[in-house]
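A short worksheet on the structure shown next.
The values are calculated or read from the model by the stated rules, or taken from the named source; none is laboratory data. What you are looking at is a predicted structure, and each value in this text was computed from that prediction instead of being measured. Quick reminder, even Gly has a Cβ in these numbers, built from the backbone with ideal geometry, and neighbours come from all protein chains shown. Ligands, DNA and RNA are stripped out before the accessible areas are found, and what is left, the full protein with its side chains, is counted by its heavy atoms. Shrake-Rupley method; radii C 1.70, N 1.55, O 1.52, S 1.80 Å.
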Amino acid sequence: RPAPPSPLPLARYKPPATETNPALEDPTPDYMNLLGMVFSMCGLMLKLKWCAWIAVYCSFISFANSRSSEDTKQMMSSFMLSISAVVMSYLQNPQPMSPPW
């Protein structure tokens, strides 16, 4: 048995524009990108492998939470910096990573 017709017309959902309401924008990718850069620098300068791995993790989170319209150059540079931090830390000391505690 078909449902009775609705007295009100159906309206498609349109997400609110982030330009009019900046509170709707998610800052997670930006924070993770910044954290990835900081941990990459710590991994490169201090030769801490766990910092370099955390930088890779932050870069993946930033990439996963970003929108397709965002600038990808900064995200890719952060990702490449974190990968280079891991590679350089293992090239300088090929021993397995020891826990930081």
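Numbers for the structure displayed
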| item | result |
| --- | --- |
| Search result, residues across the range 68-101 that are free of Cβ contacts under 8 Å to residues at least 40 places away in the same chain and not in a loop (DSSP other than H, G, I, E, B) | Thr72, Lys73, Met76, Ser77, Met80, Ile83, Val87, Leu91 |
| Among residues of the range 52-67, those that are outside any helix (DSSP H, G or I) and in contact with a helix residue (DSSP H, G or I) (Cβ under 6 Å, 6 or more places away or on another chain), counted | 1 |
| Of all residues in the range 79-96 being closer than 20 Å to Met37 by Cβ and aliphatic (A, V, I, L, M), the one that is least open to solvent (accessible area, probe 1.4 Å) | Ala85 |
